[in-house]
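Encoded as structure tokens, the structure appears first; notes follow it.
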Amino acid sequence: MRSEAKLMQGNQAIAEGAFYAGARFYAGYPITPSSEIAEECSKRMPLVGGVYMQMEDEIASMGAIIGASLAGAKSFTATSGPGFSLMQENLGLAVMGEVPCVVVDVQRAGPSTGLATKPAQADVMQIRWGRHGDQTLIALCPATVAECFSLTVTAFNFAEKFRVPVIIAPDEVVGHLRENVIIPGPGELEVIERKQPSGAPASYKPFTADADGVAPLAAYGGDYVFHVSSSMHGPEGYSNNEPANATWRVGQLHRKLEMHRDEIVITKTFDADDAEVLFIAFGATTRASRAAALELRKQGVKAGVLQLVTLWPFADREVAKLGGRAKTVVVTEMNYSGQVAGEVRRVLGSGADIRQVNSYNGQIIRPRAILKAVQ
Amino acid sequence: MAEKKERYEVILAGSGGQGLVLSGIMLAEAAILEGKNAVQTVSYGTYVRGGFSMAGVIIDSEEIIFQEVENADVVLALTEETMEMYEPLAKEGATVVYDTTLIKERTGKGLFGHPFTDMANKMGNVGMVNIIALGYMAKKNGIVDTESLAEVIKRRFSGKTREANLKALEAGIALAV
């Protein structure tokens with residue numbers, strides 16, 4: 001009768017994943033439907049020697065986690081649409097300064113404050129392009145409570161390894177969903193720590209990348225004194241407006257992710273290898289799409305699902321490979337404009353039979369709505 | 001008690017503050033103790049108390065792919081509004097359990113009314129409504145073993161609260177015998 005599985009909520013599993021990954025600093029401003037993450041951190045951070053800071057708003061929250069990260073702590077925050085909008089400016093600073101951090105955006109229905117308690121997947125493009133300038137980052141999207149845990153560990157690993165902000169983007173459905181999950185024991189999942197400089201402090205250059213495309217990052221308060229700026233800077237961190245320097249700097253922000261593209265872009269497939277009808281989905285709509293695909297299989301239609309676990313960088317190759325084979329591609333997403341469908345169209349070209357199933361009224365997409373798009 | 005099925009879909013509906021989300025959690029936890037898979041979903045408005053509140057629970061021995069209740073086997077309604085929403089499901093074969101203290105009585109196949117709120121008040125704690133109803137539903141429909149619910153209560157509560165919850169559970173079970 002005993003089993004080690006326990007019932008856990010998606011948001012709680014994100015907090016658990018953060019503790020597992022070694023997060024020791026949380027700053028945030030609670031907002032539905034992400035508040036349980038703050039709640040969990042407020043209770044647990046002090047118990048593991050970490051810090052929970054209730055901030056005055058989301059701009060400050062983002063600033064606080066950047067500061068904590070530069071002081072050496074694995075740090076994160078959680079929010080939803082309205083708060084995520086406020087975080088953009090400092091998120092850009094984190095990209096430019098190559099500051100490891102994790103931001104959870106539990107997506108709710110907008111625009112603006114919208115439907116506060118209802119789900120959406122309409123921040124896809126904001127996650128990628130929400131801040132100005134030619135920047136880039138990583139975004140992961142869980143569909144189950146187990147993925148809420150494991151992808152949070154992955155998010156911290158990516159952030160630390162590539163010195164980049166990582167966005168975790170569940171929708172309200174997944175954030176509030178409770179299901180049975182088995183939490184891995186210590187050591188079962190890899191936990192990565194950021195690279196530390198080893199040379200003489202006087203010669204430390206915080207933006208000179210190693211062969212892996214990433215520079216070691218010292219912690220403020222130690223022997224290595226260094227400068228981080230949101231303005232264009234050279235390898236040592238100080239202002240440098242030379243065109244050649246900007247070419248190197250902007251390129252470097254992109255190249256470090258491109259170099260590790262295969263490690264960063266995670267997808268899952270369900271009966272996709274021979275699929276003539278391919279559903280492309282992410283987050284909660286993965287589950288409805290899988291149910292629809294199984295129903296179609298029962299009817300003799302070769303249907304399968306490609307789940308975009310990594311939303312950004314976009315899974316161009318995987319979409320091209322499986323989508324190119326399918327007769328019909330159906331993109332299911334909780335937004336009006338087809339934010340992922342547009343990317344799929346970019347990859348597969350305008351000649352492909354690409355259909356969309358969208359919901360933008362705060363209601364989830366059900367399997368029967370997906371089946372209608374195929375019939 | 002009814003024979004246990006491989007899969008159950010349950011709706012617990014009423015208004016915010018009636019403890020429906022916690023009931024859903026406890027039902028799912030009981031199923032997990034029995035080695036089953038369980039998902040629990042919630043739907044609620046922007047009010048903390050008083051507005052529409054609904055918890056959905058799916059219990060299955062196989063993987064639960066789509067997370068939402070699509071074909072409810074058992075419904076608990078604790079307000080007139082939610083009773084009107086879910087009463088039609090009885091005609092499709094669902095068991096609809098409702099509280100006759102709060103909802104006017106109906107007759108018909110699949111409709112089971114009991115004065116859960118009156119019972120809870122007489123036991124000295126109106127907050128026990130959901131536990132009485134859970135005991136009744138588990139016994140009547142075999143969703144989970146009542147022993148599993150008792151175990152969930154023992155793990156979750158201690159002292160007088162534990163005793164009061166176990167007493168409420170027993171009262172619900174007795175209604176279904």
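Observations on the structure shown:
- Straight-distance crosslink candidates among lysines, where the alpha carbon sits under 19 Å from A:LYS161 and sequence neighbours closer than 8 are dropped: A:LYS74, A:LYS195, A:LYS205, A:LYS256
- Sparse-neighbourhood loop sites, GluC sites (Glu not before Pro) in segment A:26-111 - DSSP loop, at most 15 other Cβ within 10 angstrom: A:GLU56
- Pairing chain A with chain B buries about 2200 Å² of accessible area. This figure sums both sides and uses a 1.4 Å probe.
- With contacts taken as Cα pairs under 8 Å and at least 6 residues apart, chain A reaches a relative contact order of 16 percent.
- The residues of segment A:6-181 expose on average 26 square angstrom of accessible surface per residue, using a 1.4 Å probe on protein heavy atoms.
- Seen from A:ALA15, the other residues with C-beta closer than 10 Å to its C-beta sum to a net charge of -2, counting Lys and Arg as +1 and Asp and Glu as -1.
- Too-long pairs where the Cα-Cα distance tops 23 Å, listed order kept, from A:LYS118/A:LYS302; B:LYS5/B:LYS167; A:LYS298/B:LYS4; A:LYS327/A:LYS372; B:LYS5/B:LYS140: A:LYS118/A:LYS302; B:LYS5/B:LYS167; A:LYS298/B:LYS4
- Accessible area (Å², per residue) of segment B:7-176, counting only protein heavy atoms and a probe of 1.4 Å: 41 Å²
- Whether the protein assembly as shown is rounded, prolate or oblate, judged on the alpha carbon gyration tensor where a/c under 1.5 counts as rounded: prolate
- Taking every DSSP bridge with both residues inside segment A:6-181, close to 25 percent are antiparallel.
- Counting Cβ atoms of other protein chains within 10 Å of each Cβ in A:174-182 and taking the mean gives 5.
- Antiparallel bridge percentage (DSSP; both residues within the protein assembly as shown; nearest 5): 40 percent
- Neighbours of A:ASN180, meaning other residues whose beta-carbon lies under 12 angstrom from its beta-carbon, give a summed charge of -3 when Lys and Arg score +1 and Asp and Glu score -1.
- Gyration tensor (alpha-carbon) shape descriptor, segment A:268-374, a/c threshold 1.5: rounded
- Loop-located trypsin sites (Lys or Arg not before Pro) in segment B:79-122 whose Cβ has at most 10 other Cβ within 10 Å (DSSP): B:LYS104, B:LYS109
- Counting only DSSP beta bridges with both residues in segment A:268-374, the antiparallel share comes to about 20 percent.
- Each Lys and Arg adds +1 at its Cβ and each Asp and Glu adds -1 at its Cβ; summed about the Cα centre, chain A shows a dipole of about 960 debye.
- Comparing the full protein assembly with the isolated chain (1.4 Å probe, heavy atoms, ligands and nucleic acids excluded), the residues of segment A:258-304 losing at least 50 square angstrom of accessible area are A:ARG287, A:ARG290.
- Here the accessible area of segment A:267-341 is 48 percent carbon and sulfur, with a 1.4 angstrom probe and all protein chains present.
- Lys, Arg +1 and Asp, Glu -1 on Cβ, resulting dipole of segment B:7-176 about Cα centre, debye, nearest 20: 660 debye
- Segment A:121-209: proportion of alpha-carbon pairs further apart than 18 angstrom, %: 59 percent
- For residues of A:5-13, the mean tally of beta carbons on other chains within 10 Å: 3
- In segment B:7-176, the portion of solvent-accessible area held by carbon and sulfur atoms comes to 50 percent [1.4 Å probe, whole percent, DNA, RNA and ligands not counted].
- Using θ = phi - 60° and Karplus 6.51 cos²θ - 1.76 cosθ + 1.60, couplings along segment A:247-261 (whole Hz; Gly, Pro as x): 4, 5, 5, 5, x, 4, 4, 7, 4, 4, 7, 4, 4, 10, 3
- Hits among lysines - C-alpha to C-alpha of B:LYS160 under 20 Å, sequence gap 8 or more where chains match: B:LYS122
The values are calculated or read from the model by the stated rules, or taken from the named source; none is laboratory data. Just so we're clear, the structure is a prediction, and the values are computed from it rather than from any experiment. Every residue, glycine as well, gets a Cβ built from its backbone with ideal geometry; the counts of neighbours run over all protein chains shown. Just the protein is used for accessible areas: all its heavy atoms, side chains included, with ligands, DNA and RNA removed. Shrake-Rupley method; radii C 1.70, N 1.55, O 1.52, S 1.80 Å.
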